[in-house]
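S.K.: Attaching a single structure in structure tokens format; questions to follow.
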Amino acid sequence: MKKLTALILTLILTLSVMLTGCSDGSPLDPKNPVELTMWHNYGGEMQNTMDALVEEFNHTVGKDKGIVINVTNVASSSTLNESLELILEGSPGAPDMPDIFTGYPEIAVKFQEKDMLANLDGYMTEEVLDKYVEAFVEEGRLSDGGLYVFPIAKSTEVLYVNMTLFNKFAAETEATEDMLYTFEGLAELSAMYYEWSGGKQFFGSDDWFNFFEVGMAQLGGSIFDGEALSLDGEKFEYIFNTIYDPAAKGGIAVYDGYSSDLSKTGDLICSTGSSAGILFYGDTVTYENGAEEKVDYSILPYPVFENGAKTAIQRGGGLMVSKSDEKKEYAACEFIKWLTASEQNMKFVNETGYLPVTKQAFEEDMDELLDTMENANVKKMLTSVLSMYDEYTFFTAPNYPKFNDDSSGFESKFKELLQEDYKKFLAGEAISAGDTLTELRK
Amino acid sequence: MLKEAVALWKKERNKKGTTLHRRLLLFFVSLTIVLILVFTLLLSLFGITGKDEKTVNNYIDAVLTNTADKIEDDFGAMSLDGINMAEAIAEQCDGFFQVNGITAAELPEHPEMIQPLLAGQMQTLINMASNRYCGGVFIMLDATVDPAAEDAETSKAGVFLKKTQPTQTTSLGVYIDYLRGPAPLAREHGLMLLGQWKMEYDISGQEFFTTVMQTARDNPDQPLSRLYYWSGRILLKGNSEAGFMLCVPLRSEDGTVFGLCGIEMSDRLFKTLYQPDSGTYDVFAIVAPDCEDGLGTSKGMIAGSTFLTTGARWENDLTDTGRSDGFTYYSGANGKYAGKTAGLRLYTANSLYENENWSAAILMPQSVLSDAVKGSVSYFIGIVIVLLILSIIASVVISRKYISPVTEALEQVKNKSYTENGSNGRFSEINDLFEFLVQQDREHEEAVSSLDEQHRAEVEAHEKTKGELARVAGEAKQSIDPDSYALFVGRLATLTKREREVFDLYIEGKKAKEIMEILALTDNGLKFHNKNIYSKLGVSSRKELLKYVAIIKHEQGGNV
């Protein structure tokens, strides 16, 4: 009888296991996939690459694990930032917060302050983190030491030069390529070009705050004083004065949009901008009459102030995960791990011009990639950036809650003042570097 | 395992015989199994086990109805907005033509006027993009800024404003980028040029422009409400996102059709608006023009779980392979799908595109549908198994509980430990049994004591007789000659087998007649044996013989 009871119990246990299934510790169920919304800033040409990667994930790992990534917004970082700010402020009409989004640590700080971000440490083992370039991972750690911004791709700033147009200009003037390597040279070239072209702009920057921020670092100073901006001092004045004249008199474009917009129509010869912006430049210039000209772009290292140290910014955009239930956070991290793994990371690098973030991709696979790379512009850019990594020191902007307000506030004020001065200049009114500097420092 | 259990049970049964408990358990289990089988049969007969199939059917019906209604409403509203926008733009353009002293037909000959003409339409486009769900809004003129260029025939001037967040319509969070058009217009309005920005459209290989323009030119008297056109999914050359394009002709006051304008229903917008809730079943929605064999998915758009819908599918249409159980089955290059389809009305009655049929479909991969149905059967089987196990456990417990008073009572009977009120009065049958047994015991005891009495009397009589016999034997012994007695005893062994039989019968007290009958002897035969016995034992009569025998019996305790 005891044997019979034991048999019945065994039968019940076996059936229970069969009916409940076995668990591998993952909260996911492939039969009931968890759907995650994603916003990213890899638009334009890069969108195809990111879409293809997301699609690949959904078809392979996502399908096996029960994760579906749905990209619901693709826009520039600044546009995404504005939407994210609306979410942060809880503004009426603000979109729903995405489960995964790209952004910079500055916005992460704000989300983390409101406890709206998932700490990724809980989902990433030491072994996983060890695969990434340590400095890139560290950049994503916020004040409490938690990892909130996971590195996906890095970029720095470079100088894009439309060599076809520059050569035409240089052929008829005393302009030389050497002058493109310093800001003083660029300022001089801008003034020359304005004269030579009859009022066209030569140089622009996608981010004037970065220009000052890095310039200060090159000259051995800092634009920051704790968690505030410090615009006093001779170094800042020197940087300002270097570009003021050509900027106020039209040689340097102080433009609200991206410099690539102006470059596409031949309205700018060179500009500093993110190395990841390469795909926005294309290889043609379209003139007002619709005519298109094939042009050749050179990607030069970020210019340096004379007597300054070779310093450039390292932009640390990454992926963030909204605070949610364990299932969603876990799923998001599974996607992030896959997306940033060496193989996918290199695919992304190959087609976008970003720098990879895994040690293997960054330290071992890049040389091989450069040999086989088909996109000539991306190849030029990566070659230039890799040479910068040999010679330059990289500067990373600090993360503090008011950083975004400080930097964007400075950017708008600087543009506004300079655009006003240019208007005055065109109208023949008097302009003064000193007055504008004083105004800027207020 | 079941086999082992049965074998074990049989072995146990054969060894000891079936117990009441097992027998009751067997009845219970048999009853349970029969009930569950009947239950299962009834469920199957009434189709309850196919519940999931019906649920899927109903779910898809509901989603399809909602989606198709929503699509018709949204596309209808978009068509109306497109017509209004076309009328507004045409009116503004007429004003421009008048001011600049040209007719609409002369625009292609005045490329310098294209940019200022478009500049005048920017605000209308921006307003439309800002105030409604769309992937973008556009104008395409049948003109180019460079008529002398080689590709002038396929290069069309215009503007395309792209919305990065297609569902944002409030003043907060509306971001518009510039995909096509003269760059200065973007700068004037602070719009960013997209990476794919080009000044003009390249319409080579894309028929929608010519179709709309030609149809409008061929039907100058038709209102715009009959001339608007929904293109299938188009990826504009150099663009990164495809979409359906609502195209409305731009017709001047003088009837010249000089371009078109419209609104884009982009992939992303479609996905956002029509993605079915995947919480219940993993289905996806398709809107596509009909094709000969089924759904023209190569020109359609899809919303739903991405992993069920591959990019490759867009290159092929879905072929209708038949209907069954209320589902329509489709086969495509990438797999088989099942679901439901409903026709869509995208055009007004008498529209020139009235014959272009579109459909909305809610589909799922055929394997997912099979899994959903199979899953319900497995679930049902699981429930039946659990029910069965629970019933068996219940049977074991109940039967044991039920039979235990009986086995206890039997044990008490076996141990004779029952009392008149042995089951504490709980079970009347056991009480009766115990009362009966107690009564029986009592009667038995009485019978035993009476028998004992009788036995005692008989023993006393026996002892008395025995004493009498001893006395008689003693007397006989004294009356006989000791030598003759010794001779008698000594010669007993000389009797033949037959003589001994006769002798033994005499000892038993049988009479001559009885001995003759027993041994089948004649009178003479008996006399012959008697004579021999007497002579061998040295006696002269039967009386003397019996006397000797009595003495021997007395001396040897009954044995001769």
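The values are calculated or read from the model by the stated rules, or taken from the named source; none is laboratory data. Note that this is a predicted model, so its numbers are computed, not measured. Reconstructed Cβ throughout: ideal geometry from the backbone, glycine too, with neighbour counts over all protein chains shown.
S.K.: Suppose we filter B:499, B:446 for residues that are modelled with pLDDT of 85 or more, within 18 Å of residue B:541 (Cβ to Cβ) and of a type in the set (Asp, Glu); which single one remains? Working first, answer last.
M.R.: Values: B:446 fails: within 18 Å of residue B:541 (Cβ to Cβ).
Exactly one of B:499, B:446 is modelled with pLDDT of 85 or more, within 18 Å of residue B:541 (Cβ to Cβ) and of a type in the set (Asp, Glu), namely B:499.
S.K.: With the requirement that a residue be away from every other protein chain (no Cβ under 13 Å), within 17 Å of residue B:26 (Cα to Cα) and of a type in the set (Gly, Ala, Ser), what does segment B:395-417 give you?
M.R.: B:404
S.K.: Mind checking which helices (runs of 4 or more DSSP H) fall wholly inside segment B:481-541 and carry at least 2 residues that are farther than 14 Å from residue B:552 by Cα?
M.R.: Details: elements: B:482-491, B:497-507, B:512-519, B:523-537.
Output list reads B:497-507, B:512-519, B:523-537.
S.K.: While we're on this one: Test residue A:381 against the stated conditions and say whether it is out of contact with any Phe, Trp or Tyr (no Cβ under 6 Å at 6 or more places or on another chain), surrounded by 19 or more Cβ atoms within 10 Å (Cβ to Cβ) and not hydroxyl-bearing (Ser, Thr, Tyr).
M.R.: yes
S.K.: How about segment A:185-271: which helices (runs of 4 or more DSSP H) wholly inside it have at least 3 residues that are under 20 Å from residue A:76 (Cβ atoms) and out of contact with any Pro (no Cβ under 9 Å at 6 or more places or on another chain)?
M.R.: In segment A:185-271, the matching helices (runs of 4 or more DSSP H) lie at A:208-218, A:259-264.
S.K.: Let me ask something else. When residue A:244 is evaluated against the numbered criteria (1) in contact with a strand residue (DSSP E or B) (Cβ under 7 Å, 6 or more places away or on another chain); (2) surrounded by 22 or more Cβ atoms within 10 Å (Cβ to Cβ), which criterion, by number, is the only one it fails?
M.R.: Failing condition for residue A:244: (1).
S.K.: Still on this structure, please answer the following. Output the strands (runs of 3 or more DSSP E) that fall wholly within segment B:230-300 and possess 1 or more residues being over 44 Å from the mean Cα position of the chain (by Cα) and more than 24 Å from residue B:215 (Cβ to Cβ), or say none.
M.R.: none
S.K.: All but one of (1) in contact (Cβ under 8 Å) with a residue 60 or more places away in the chain; (2) within 11 Å of another protein chain (Cβ to nearest Cβ) hold for residue B:236, so report the exception by its number.
M.R.: (2)
Let's see how each residue does on (1) without any contact (Cβ under 8 Å) to a residue 12 or more places away in the chain; (2) of a type in the set (Phe, Trp, Tyr):
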| position | (1), (2) |
| --- | --- |
| A:142 | no, no |
| A:147 | no, no |
| A:152 | no, no |
| A:155 | no, no |
| A:178 | yes, no |
| A:196 | no, yes |
| A:212 | no, yes |
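S.K.: Please tell me if residue A:262 is at the interface with chain B (Cβ under 9 Å from one of its Cβ atoms) and touching a Leu at 6+ places or on another chain (Cβ under 7 Å).
M.R.: Yes.
S.K.: Related question: Taking only segment A:89-102 into account, find how many residues are surrounded by fewer than 22 Cβ atoms within 10 Å (Cβ to Cβ) and at pLDDT 90 or above. Step through it out loud before you land on a result.
M.R.: Narrowing segment A:89-102 to residues surrounded by fewer than 22 Cβ atoms within 10 Å (Cβ to Cβ): A:89-97.
Add one more test, that the residue is at pLDDT 90 or above, and what stays is A:97.
Counting residues in segment A:89-102 that are surrounded by fewer than 22 Cβ atoms within 10 Å (Cβ to Cβ) and at pLDDT 90 or above gives 1.
S.K.: On the basis of being more than 53 Å from the chain's Cα centre (by Cα) and of a type in the set (Ser, Thr, Tyr), does residue B:154 make the cut?
M.R.: Yes: the conditions hold for residue B:154.
S.K.: Give segment A:35-68 a look and list any residue that's buried (at least 22 other Cβ atoms within 10 Å of the Cβ), over 29 Å from residue A:261 (Cβ atoms) and more than 7 Å from chain B (Cβ to nearest Cβ), or say none.
M.R.: Within segment A:35-68, A:36, A:57, A:67 meet the criteria.
S.K.: I've got another one for you. If only one of B:283, B:287, B:257 is modelled with pLDDT under 90 and among the aliphatic types (A, V, I, L, M), which one is it?
M.R.: B:283
S.K.: When the residues of segment A:127-136 are narrowed to those that are modelled with pLDDT under 90 and either within 14 Å of chain B (Cβ to nearest Cβ) or part of a helix (DSSP H, G or I) (or both), which ends up nearest to the chain's Cα centre (by Cα)?
M.R.: Top of the filtered list is A:136.
S.K.: Does residue B:127 satisfy the condition of being under 23 Å from residue B:243 (Cβ atoms) and not hydrophobic (A, V, I, L, M, F, W, C)?
M.R.: Judged against the criteria, residue B:127 is a match.
S.K.: Moving on. How many residues does segment A:272-292 hold that are touching a Lys or Arg at 6+ places or on another chain (Cβ under 7 Å) and either under 16 Å from residue B:201 (Cα atoms) or in a strand (DSSP E or B) (or both)?
M.R.: 4
S.K.: Can you name the residue in segment A:313-348 that is in a helix (DSSP H, G or I), touching a helix residue (DSSP H, G or I) at 6+ places or on another chain (Cβ under 7 Å) and of a type in the set (A, V, I, L, M) and is also nearest to residue A:61 (Cα to Cα) among such residues?
M.R.: Result: A:339.
S.K.: Could you grab me the full set of residues in segment B:248-297 that are more than 11 Å from chain A (Cβ to nearest Cβ) and free of Cβ contacts under 8 Å to residues at least 24 places away in the same chain?
M.R.: Selection gives B:292 alone.
S.K.: Can I ask one more? Is there any pair with a first residue in segment B:380-394 that is more than 10 Å from every other protein chain (Cβ to nearest Cβ) and over 22 Å from residue B:22 (Cα atoms) and a second that is surrounded by fewer than 16 Cβ atoms within 10 Å (Cβ to Cβ) and not hydrophobic (A, V, I, L, M, F, W, C) whose Cβ atoms are under 9 Å apart and which are 6 or more apart or on different chains, and what are they?
M.R.: Every condition considered, the pairs that remain are B:380/B:51.
S.K.: Among A:131, A:154, A:168, which is the only one that is touching a strand residue (DSSP E or B) at 6+ places or on another chain (Cβ under 6 Å) and surrounded by fewer than 19 Cβ atoms within 10 Å (Cβ to Cβ)? Lay out the reasoning, then the answer.
M.R.: Values: A:154 fails: surrounded by fewer than 19 Cβ atoms within 10 Å (Cβ to Cβ); A:168 fails: touching a strand residue (DSSP E or B) at 6+ places or on another chain (Cβ under 6 Å).
The unique qualifying residue is A:131.
S.K.: Continuing with the same structure: Just to be sure, is residue A:279 of a type in the set (A, V, I, L, M) and surrounded by fewer than 22 Cβ atoms within 10 Å (Cβ to Cβ)?
M.R.: When the stated conditions are applied, residue A:279 does not pass them.
S.K.: On to the next question. Out of (1) farther than 30 Å from residue A:194 by Cβ; (2) without any contact (Cβ under 8 Å) to a residue 60 or more places away in the chain; (3) small (Gly, Ala, Ser), the odd one out for residue A:430 is which?
M.R.: For residue A:430, the failing item is (1).
S.K.: To continue, here is another question. Determine which member of the set B:175, B:133 is touching a Ser or Thr at 6+ places or on another chain (Cβ under 7 Å) and either among the charged types (D, E, K, R) or within 11 Å of chain A (Cβ to nearest Cβ) (or both).
M.R.: Only one candidate qualifies: B:175.
S.K.: Something else: Being free of Cβ contacts under 8 Å to residues at least 12 places away in the same chain and closer than 30 Å to residue A:293 by Cα is the filter here; which residues of segment A:214-260 pass it?
M.R.: A:257
S.K.: Yes or no: segment B:344-357 includes at least one residue that is in contact with a helix residue (DSSP H, G or I) (Cβ under 8 Å, 6 or more places away or on another chain), farther than 27 Å from residue B:54 by Cα, assigned to a helix (DSSP H, G or I) and small (Gly, Ala, Ser).
M.R.: Looking through segment B:344-357, none of the residues is in contact with a helix residue (DSSP H, G or I) (Cβ under 8 Å, 6 or more places away or on another chain), farther than 27 Å from residue B:54 by Cα, assigned to a helix (DSSP H, G or I) and small (Gly, Ala, Ser).
S.K.: Tell me, please, whether a residue that is touching a helix residue (DSSP H, G or I) at 6+ places or on another chain (Cβ under 9 Å) and exposed (fewer than 11 other Cβ atoms within 10 Å of the Cβ) can be found in segment B:429-441.
M.R.: Checked segment B:429-441: no residue is touching a helix residue (DSSP H, G or I) at 6+ places or on another chain (Cβ under 9 Å) and exposed (fewer than 11 other Cβ atoms within 10 Å of the Cβ).
Yes/no per residue for (1) within 9 Å of chain A (Cβ to nearest Cβ); (2) farther than 21 Å from residue B:127 by Cβ:
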| position | (1), (2) |
| --- | --- |
| B:162 | no, no |
| B:169 | yes, no |
| B:181 | no, no |
| B:199 | yes, yes |
